[in-house]
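Below: the structure, in structure tokens.
The values are calculated or read from the model by the stated rules, or taken from the named source; none is laboratory data. This one's a predicted model, so the numbers in the text were calculated from it and none came from an experiment. Reconstructed Cβ throughout: ideal geometry from the backbone, glycine too, with neighbour counts over all protein chains shown. All accessible areas refer to the heavy atoms of the entire protein, side chains included, with ligands and DNA or RNA removed. Shrake-Rupley method; radii C 1.70, N 1.55, O 1.52, S 1.80 Å.
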Amino acid sequence: MDLLFIFDLVGTFFFAVSGALAVKDREHDVFGAGFTGFITAIGGGTLRDVLLDSYPLVWINDVRYLYAIFGGILTAILFFKAMSKLRKTLFLFDTLGIALFSVLGAEKALSMGVAPEIAAMMGMFSAVMGGVIRDMLTNDTPILMRKEVYASACLAGAILFIVLFNFGVERNVNLIISFLLVVVIRLVAVRYKLSWPQLDWKK
Amino acid sequence: MDLLFIFDLVGTFFFAVSGALAVKDREHDVFGAGFTGFITAIGGGTLRDVLLDSYPLVWINDVRYLYAIFGGILTAILFFKAMSKLRKTLFLFDTLGIALFSVLGAEKALSMGVAPEIAAMMGMFSAVMGGVIRDMLTNDTPILMRKEVYASACLAGAILFIVLFNFGVERNVNLIISFLLVVVIRLVAVRYKLSWPQLDWKK
Amino acid sequence: MDLLFIFDLVGTFFFAVSGALAVKDREHDVFGAGFTGFITAIGGGTLRDVLLDSYPLVWINDVRYLYAIFGGILTAILFFKAMSKLRKTLFLFDTLGIALFSVLGAEKALSMGVAPEIAAMMGMFSAVMGGVIRDMLTNDTPILMRKEVYASACLAGAILFIVLFNFGVERNVNLIISFLLVVVIRLVAVRYKLSWPQLDWKK
């Protein structure tokens, strides 16, 4: 197994954890938590691949993704009390996860021959759509509406990857730089409470 | 027409009824009720087939499914007052419907050559995703969050079907046994108010 | 570029505007508004094409759709105050948009060889599903539940197009007549506050 594949599995694991934990503060049994974790973990990549007509879907083709997801769900259910105290750690893993999926998603779309603008959207979709579907499932305030820099960081990383790719930058260097861009934007934005301006209809 | 096809149409009919009736207690006109019934009836099987790249979709390929759905919607709209008093009967039909779709969904996925673990998920998806999408459409508390054994009964039936299939059990025997497992789990769980433990973050 | 293609781009532009503006009265930053506008604009046609297995998706194949969407989002964000006073104009554009997508969606489905009943559903889906997904994203009261004639006008136009098509009516004449039917139904219904009866469980 190459390193990126392992990272991909680890990212999937943490997406499943975050999805299963999203059910807190609500009436929700452990099976519902697992279901939500599953959808969160596969949502983004599945939507990207369905839009691109890229079959078989990654997690259907390789059952190891399923076990990464089951592992994440089990971890969330068994250790959810401990995990509620690990918010900072979880936030970091979520950030690493979306950064990874942004650049890998953009690369996969590029490899299928779509226009660079489309590939950038696909990178962002890969990273954030799992969370969007999770929020629709749990009737939660969608993550896209919270005052945080989230999807835009993913889009920035995907765009950078595509630009560097077109300049012929070596793949691994490009993956790391673009990955880091997402992480840095997100960390800086949260640390300094940066956010996009709001549309305020009331004024 | 073989018997399973008729069962499939009947299950589709009752899913459409349950979807159209889901709009009670809300401002919702009869057309919205029909729309919701339609999505509920096709949702689970459509999602399964899109994920598996199995085209043409069943209800697009055979217009009789459409008429089963229209019949269910019309029944719900014309007799909704009477039906509100038939909750127990509706609950029974819903249980028969999800049991049927769980085993048929798992069988279809198996026939497409996916791993058994994937086939089990697909069986469950076929049965419950229509209801999940219905609840997202109507902004209702998702069925997965209610304290009931629902999706897990479907998963159990799908898993049993796959296990017996691998042991070479004759198809019709297997379909009936696995179908009954879903029905029995669901009925016993509701009768004795069994439920999965909840994740309680408050403690 | 032929005229219908330009209309299609213009319809996409206005769907993006309506999606981006749907976030008013909520905490939502400009990026979230753009994201919602994007999903609204591509939602209906994408769902239709995924259900029909019609790849590559229109907006993935032709990047001009993406720029129509970006233009719509930018317009909504830059001029949202002015636009809040243009409700009537926006309503008119939305009506033109759904009328156009209803007939073009039905025609595309017919051209793929599905049954006429399916083609009618696909016409309606093309027109309204973007808005349905937008409402699910923003946790809004789904447009299908509001007491307005909306999806049914689209369905009527799609059905008329298919009927006239089968009678051999010339394409452009058919497109215009069916388009106008949707517009007239919607305008008359809103003007005279016509609506479908509601399912009232309370009585």
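Take every pair of alpha-carbon atoms less than 8 Å apart whose residues are at least six positions apart; their mean separation over the length of the stretch A:3-191 yields a relative contact order of 24 percent.
Taking a ≥ b ≥ c as the square roots of the Cα gyration tensor eigenvalues, with a/c under 1.5 meaning rounded and otherwise prolate when a/b beats b/c, else oblate, which class fits the protein assembly as shown? Since a/c stays below 1.5, the shape of the protein assembly as shown is classed as rounded. Figure note: B:Ser195, B:Ser126, B:Ser18 ranked by solvent-accessible area, largest first, 1.4 Å probe, ligands and nucleic acids not counted: B:Ser195, B:Ser18, B:Ser126. Within the shell defined by Cβ-Cβ distances under 12 Å, the residues around B:Phe91 carry a net charge of +2, with Lys and Arg each +1 and Asp and Glu each -1.
In order along the stretch A:36-52, the phi-based Karplus estimate (6.51 cos²θ - 1.76 cosθ + 1.60, θ = phi - 60°) of 3J(HN,Hα) comes to 5, x, 4, 4, 4, 5, 8, x, x, x, 5, 4, 4, 6, 5, 5, 8 Hz; Gly and Pro are listed as x. Per-residue Karplus couplings for the stretch B:159-168, computed as 6.51 cos²θ - 1.76 cosθ + 1.60 with θ equal to phi - 60°, are listed in order as 5, 4, 4, 5, 4, 5, 4, 6, 7, x Hz, Gly and Pro entered as x. Compute, for C:Ile176, the solvent-accessible surface of its heavy atoms (probe 1.4 Å) with the complete set of protein chains present, and express it in square angstrom to the nearest 10. Ignoring ligands and nucleic acids, C:Ile176 comes out at about 100 Å².
Taking a sphere under 10 Å around the Cβ of B:Leu164 and counting the other residues whose Cβ falls inside, with K and R at +1 and D and E at -1, yields a net charge of 0. Summary for B:Phe91: label point 7 Å along Cα→Cβ; distances to the equivalent points in the other copies, ascending, 4.4, 4.5 nm.
Solvent-accessible area of C:Arg134, all protein chains in place: 20 Å² (probe radius 1.4 Å, heavy atoms, ligands and nucleic acids excluded). The stretch A:1-76 and the stretch C:48-109 have Cα centres spaced 32 Å apart.
Roughly speaking, to the nearest percent, how much of the protein assembly as shown's 1.4 Å accessible area is carbon and sulfur? Looking at the protein assembly as shown in its full context, I get 67 percent from C and S.
Pairs exceeding a 22 Å alpha-carbon distance, out of A:Lys88/A:Lys108; A:Lys88/A:Lys193; C:Lys88/C:Lys193: A:Lys88/A:Lys108. A simple spin-label model places the labels of B:Tyr67 and B:Leu194 4.1 nm from each other, with each point 7 Å out along Cα-to-Cβ. What separates the A:Tyr192 label point from its copies, with the point 7 Å along Cα to Cβ, is 6.1, 6.1 nm, written shortest first. Taking all protein chains into account, the per residue accessible area for the stretch B:76-132 stands at 38 Å² (1.4 Å probe). In this structure the amide hydrogen of A:Leu199, modeled in the peptide plane, comes within under 5 Å of the amide hydrogens of C:His28, C:Val30, none closer than 5 places in sequence on its chain.
When Rg and the Kirkwood radius Rh are both evaluated on Cα atoms of the stretch A:36-191, their ratio Rg/Rh stands at 0.97. Please state the shape class of the stretch C:13-98: rounded when a/c is under 1.5, otherwise prolate if a/b exceeds b/c and oblate if not, all from the C-alpha gyration tensor. Prolate is the answer for the stretch C:13-98, as a/c is 1.5 or above and a/b outweighs b/c. Interface residues of the stretch A:154-203, defined as those losing at least 40 Å² of solvent-accessible heavy-atom surface relative to the isolated chain (probe radius 1.4 Å), are listed as A:Trp196, A:Gln198, A:Leu199, A:Trp201. A 1.4 Å probe, protein heavy atoms only, puts the accessible area of A:Trp196 near 100 Å². Between chain A and chain B, roughly 3200 Å² of accessible surface gets buried, counting both sides and using a 1.4 Å probe.
Add -39500 (n - 2.57) for each DSSP H run of 4 or more in chain C, then divide by its residues: what number comes out at 222 nm, to the nearest 500 deg cm²/dmol?
Rounded to the nearest 500, it is -24500 deg cm²/dmol.
Inter-copy label distances at C:Asp53, using a point 7 Å along Cα-to-Cβ, come to 1.1, 1.1 nm with the shortest given first.
Here the simple spin-label model places points 7 Å from the Cα toward Cβ, and for B:Thr89 and A:Lys85 these points are separated by 5.6 nm.
For the stretch C:80-130, the set of trypsin sites (Lys or Arg not before Pro) satisfying both a DSSP loop assignment and a count of at most 11 other C-beta atoms within 10 Å is given as C:Lys85.
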